[in-house]
1. Consider segment 266-292. How many of its residues are among the acidic types (Asp, Glu), part of a helix (DSSP H, G or I) and closer than 15 Å to GLU319 by Cβ?
2. Tally up the residues in segment 233-265 that are under 21 Å from HIS308 (Cβ atoms) and in a loop (DSSP other than H, G, I, E, B), please.
3. Do we have any residue at all in segment 218-232 that's among the aliphatic types (A, V, I, L, M), in contact with a helix residue (DSSP H, G or I) (Cβ under 8 Å, 6 or more places away or on another chain) and in a helix (DSSP H, G or I)?
4. Can you tell me which residue in segment 1-17 is farthest from GLY93 (Cα to Cα), limited to those that are buried (at least 20 other Cβ atoms within 10 Å of the Cβ) and at pLDDT 95 or above?
5. Out of VAL300, VAL293, VAL354, report the one residue that is β-branched (Val, Ile, Thr), out of contact with any Cys (no Cβ under 7 Å at 6 or more places or on another chain) and surrounded by fewer than 19 Cβ atoms within 10 Å (Cβ to Cβ).
6. Within segment 178-209, can you find the residues that are among the hydrophobic types (A, V, I, L, M, F, W, C) and modelled with pLDDT of 95 or more?
7. Among the residues that make up segment 293-305, is at least one of them assigned to a loop (DSSP other than H, G, I, E, B) and of a type in the set (D, E, K, R)?
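The values are calculated or read from the model by the stated rules, or taken from the named source; none is laboratory data. In this text, all values refer to a predicted model and were calculated from it rather than measured experimentally. Quick reminder, even Gly has a Cβ in these numbers, built from the backbone with ideal geometry, and neighbours come from all protein chains shown.
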Amino acid sequence: MASKRQIDVGGVKIGGGAPVAVQSMTKTETADYEATMRQIHAIAEAGGDLVRCAVPRDDDVRALERIVVESPIPVIADIHFNHTLALKAIDAGAHCVRINPGNIGGHEKTGEVVEKARAASVPLRIGVNSGSLPKHLHELERESPVEALVAAAIEHVELMDKLDFQDFKVSIKSTNVPNTIASNRLLSQKIDNPLHLGITEAGTKWSGSLKSAVGLGTLLADGVGDTIRISLSTFHAEEEVKVAWEILKALKLRERGPVLIACPTCGRLQFDMDTVVADIEERLRAYDDPIEVAVLGCAVNGIGEASHADFGITGAKNEGLIFAHGKPLRKVPQDRLVDELFAEIDKSLSVGRVVVDENKAAEGAAWLELIEEENAGELTPERLAAMEAAAAANQALTEGQALPMAGAPKAKRIELDEAASPTEGRRFSRA
Ligand code: SF4
């Protein structure tokens, strides 16, 4: 379950029921102040709550001193092997320091970092990596990599206990998704400290996003994990942040910006949906409001399954329809669909409600009805789903189950089943 303890990284709470924090890591040389700051701003603008910077040299420490002051989000110094750099990073004002006690040079040096962190009230991230487990755990690693990872993490936690230090989070990292899931599940049952989740070297934007969504999504749905980083092989760190947010939004753990819904398309598609969806997705990045926008490839099914969306478009050969909350707003020429959709969104957001021109709405409704009538015999995926739902309702009726009240609002946003949701009680809006 979510960790009991909480730490504070430069004002961002981690664990203890706080919203799952999104972090990324700069891919620049930290010593290159300008390039690093550019990347930190890109990460922050994409929604990063925290940023981590590698500090492998003294030059990086010198740049870090300026970066921690100028950064719009708290900065975590990432240290490997050289404990003196951890001490210097704390002096430089880092909001958190990541160390791996297994590769920092022994308990004594870890103790030195802990004492410095305690004096400066700087939290630590204690990391365990499948690639650097201590020698005495190698045999266990061969038998059970998961138990070995957890054993290494517990040893570090016990060392912190001995040092009477609790201001830390723990991370277990592995390139293996099932092992990451199993080890974090096990560790979360054994310790109360916040957990940082990530899949090490997950891969490219495509495969790495999927691996991370499976691994981190599974854990987060279990209520395990307090901060996440998606590791992708791209120089554009903000892409990691975008993926992290999609995972959190999909699980309804946090809300941030619009949600785009789009049909998968099929042989009935009558316009260049790939381009239109990509264009809409790109333009939506400029919005902070958590609106739902739907794109349907054809008007054969009417507004159908997208009727819960705040705004949407459905296209046909030469014309398309803009709709809001299940009601037509107006039809527009095909090549104006996207521009007019955003004009409607902007107008509605500026006045706080959907503005309806009754004449145009009636014209749009008549156009939609005509297309629906012309295609009444088509067995589209949506109609098949509707038929299945109707059959299930009939079945329920014959079995004596209650059906929804007649006249209940149709254009209702799909609600979560609160009682059954694994993320119940952990949802937060970023606003
Ligand atoms: S029938 Fe459904 S899946 Fe096919 S293009 Fe129309 S809306 Fe999209």
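1. Here is the first cut: in segment 266-292, the ones among the acidic types (Asp, Glu) are 272, 274, 279, 281-282, 288-289, 292.
Of the ones still in play, those that are also part of a helix (DSSP H, G or I) are 274, 279, 281-282.
This time we only want the ones that are closer than 15 Å to GLU319 by Cβ, so: none.
Result for segment 266-292: 0.
2. Number of matching residues: 9.
3. Of all residues in segment 218-232, those among the aliphatic types (A, V, I, L, M) come to 219-221, 224, 228, 230, 232.
Next, from what is left, pick out any that are in contact with a helix residue (DSSP H, G or I) (Cβ under 8 Å, 6 or more places away or on another chain): 219-220, 224, 228, 230, 232.
Now drop any that are not in a helix (DSSP H, G or I), which leaves 219-220.
Yes; the residues of segment 218-232 include at least one that is among the aliphatic types (A, V, I, L, M), in contact with a helix residue (DSSP H, G or I) (Cβ under 8 Å, 6 or more places away or on another chain) and in a helix (DSSP H, G or I).
4. GLY15
5. VAL354
6. ILE181, ALA182, LEU186, LEU187, ILE191, LEU195, LEU197 - these are the residues of segment 178-209 that are among the hydrophobic types (A, V, I, L, M, F, W, C) and modelled with pLDDT of 95 or more.
7. no
One line per residue, one yes/no per condition, for (1) touching a helix residue (DSSP H, G or I) at 6+ places or on another chain (Cβ under 6 Å); (2) at pLDDT 90 or above; (3) more than 16 Å from the ligand (Cβ to nearest atom):
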position	(1), (2), (3)
VAL243	yes, yes, yes
LEU260	yes, yes, no
CYS266	no, no, no
GLN270	no, no, no
THR275	no, yes, no
GLU282	no, yes, yes
